[in-house]
1. Exactly one of (1) out of contact with any helix residue (DSSP H, G or I) (no Cβ under 8 Å at 6 or more places or on another chain); (2) among the hydrophobic types (A, V, I, L, M, F, W, C); (3) not assigned by TED's automatic domain parsing to the domain that holds Pro378 is unmet by Ala273. Its number?
2. Could you say which residue among Val136, Val149 is modelled with pLDDT under 95, over 17 Å from Gly443 (Cβ atoms) and of a type outside the set (Ser, Thr, Tyr)?
3. For residues that are among the aliphatic types (A, V, I, L, M) and outside any strand (DSSP E or B), scanning just region 243-264, find the one that is surrounded by the fewest Cβ atoms within 10 Å (Cβ to Cβ).
4. Confirm whether Asp267 is assigned to a strand (DSSP E or B), under 22 Å from the mean Cα position of the chain (by Cα), surrounded by 16 or more Cβ atoms within 10 Å (Cβ to Cβ) and among the charged types (D, E, K, R).
5. Any residue that is crowded, with 21+ Cβ neighbours inside 10 Å and outside any strand (DSSP E or B) - is there at least one of those in region 310-323?
6. May I ask you to verify whether Phe272 is of a type outside the set (Lys, Arg) and more than 30 Å from Pro338 (Cα to Cα)?
7. Is at least one residue of region 219-236 touching a Ser or Thr at 6+ places or on another chain (Cβ under 9 Å), in the same structural domain as Val307 (by TED's automatic domain parsing), on the phi > 0 side of the Ramachandran plot and at pLDDT 95 or above?
8. Hey, can you tell me all the residues within region 163-177 that are at pLDDT 95 or above and not aromatic (Phe, Trp, Tyr)?
Amino acid sequence: MRILLLAPAVACLLAARLPAQDTADLLRRITAMEERVKALETEVQTLRSQPAAASSPPTAAAPEQAIPARQMAQQAPAVQPVMGGAAPAAAKVFNPDISVIGDFLGAAGNSGNRNTPALEMHESEVGLQAIIDPYVRGDVFLTFGEQGVSLEEGYFTFTSLPGSLQLKVGKMRAAFGRVNAMHNHILPWTDRPLVTQNLVGGEDGIDDAGLSLSRIIPAPKDIFLEGTAQVFRGDSENVFQASRRRDLSTVEHLRAYRDLSESTNLDLGGSFARGRSAFGGGTNQLVGVDATLRWKPLRRAIYRSFVGRGEFVWAHTDVSPLYLPGFQYFGPSLDPGPPKNVRPFGYYVSGDYQLGRRWFLGGRFDRSQRGQCLETNPATTFAITKCGGGGPSGPLLTDTGGSLLLTYWPSEFSQIRGQLRHTRYGEGRTANEILFQFILSMGAHGAHPF
């Protein structure tokens, strides 16, 4: 608009200095420019006055060319729902992770007084794991064996409690030591150590329905410290037995972890368990100490590593005289007398060295005491002269064993293991065995605790 106002003044100034012909030509040009500007202003105003959706919808096709609605629905591509931006995983968003792990065992040689089958499909574990909501996670592990189906573990974990607490509710393995909490397929051996077989219930171990409360405890010098307190119903084969509601068992565990270097770390633990004795009146108390040393150099992590383990268990078990050697049973009316306290001790130490990307060499030494007539897992074949009368008066026997293992991992989903095992049992029997194991894994199996 300023150009239009200044145009006459400029024309007058130029007209005073230019010849008459040039002045007339300049005035014509200015007039033409002024008309062009006005036309452009009119066009802009017209465009502004029109609605945003100025274009009219396309004309519908002729009736004879219209496609039937049913045919259009069939030809239209199906629209896949998008859930939270996770299109590939949305198809299983409401389904748990499912895994199946098979454990096949074989044995040859003299088994001593603890017989195991020559060949057996030892266990097939089905795992169902899912994050139920932002506050709860669910884990269920079913075991299918040759004798039937059982629930190994099934619990809910509440991860967002006040005070940085974590609560587990359900049936679970107790946090006693290291081996008791391990499933069969993550053991570095084909069997469990003698101290576990004699004092902690063997393969099943302390595995019961209960509550578990844990918390990470602040600690100095880059130490990871975790405390766990558990209460169980009180039924664990050959460990605890609950005949009344108040016969609960408790387990406490304190774990300390620290990195010693960029390639080495140390894991220490202390455990205590208490419940009603499975061998008559009184209580059974277990005290355990465990240690794990790991070495895995960063530059050659897939080719070289070492894991050393050790676990020590002391038991204070009240045993009815019915389970002691030399006791004479004359009928249900006889009072066997007060229970006797038996205090066996056992331990194992082991090491596993990685020879290459897929080969591991391991060794283990075992020593464990046990009551002469007390049940073990696997079961011990007792001599008649040892139990039920006429046996020696000593309450404890000592078992000693050693194993050499070689493990091959074709992939992360399978492993093949061989084990040479020599055991001398307290009754004087010696076992020399060759054990082999095949483990196959299918599906998305969640990581086990480190």
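The values are calculated or read from the model by the stated rules, or taken from the named source; none is laboratory data. Given the structure is predicted, the values throughout are model-derived calculations rather than measurements. Don't worry about glycine lacking a Cβ; one is built from the backbone with ideal geometry, like all the others, and counts go over all protein chains shown.
1. The one condition Ala273 does not meet is (3).
2. On the way: Val136 fails: modelled with pLDDT under 95.
Being modelled with pLDDT under 95, over 17 Å from Gly443 (Cβ atoms) and of a type outside the set (Ser, Thr, Tyr) holds for just one of Val136, Val149, which is Val149.
3. First, the residues of region 243-264 that are among the aliphatic types (A, V, I, L, M): 248, 251, 254, 256, 260.
Filter again for outside any strand (DSSP E or B), leaving 248, 260.
Numbers: Leu248: 17, Leu260: 11.
Checking each candidate, the answer is Leu260.
4. Working: assigned to a strand (DSSP E or B): yes; under 22 Å from the mean Cα position of the chain (by Cα): yes; surrounded by 16 or more Cβ atoms within 10 Å (Cβ to Cβ): yes; among the charged types (D, E, K, R): yes.
Spelling it out, Asp267 is indeed assigned to a strand (DSSP E or B), under 22 Å from the mean Cα position of the chain (by Cα), surrounded by 16 or more Cβ atoms within 10 Å (Cβ to Cβ) and among the charged types (D, E, K, R).
5. Looking only at region 310-323, we keep the residues that are crowded, with 21+ Cβ neighbours inside 10 Å, and these are 311, 313, 315, 317, 319, 323.
Subsequent filtering for residues that are outside any strand (DSSP E or B) retains 323.
Yes, region 310-323 contains a residue that is crowded, with 21+ Cβ neighbours inside 10 Å and outside any strand (DSSP E or B).
6. On the way: of a type outside the set (Lys, Arg): yes; more than 30 Å from Pro338 (Cα to Cα): no.
So Phe272 fails the test.
7. yes
8. Within region 163-177, the first condition is being at pLDDT 95 or above, and the residues that meet it are 165-177.
Answer for region 163-177, where residues must be at pLDDT 95 or above and not aromatic (Phe, Trp, Tyr): Leu165, Gln166, Leu167, Lys168, Val169, Gly170, Lys171, Met172, Arg173, Ala174, Ala175, Gly177.
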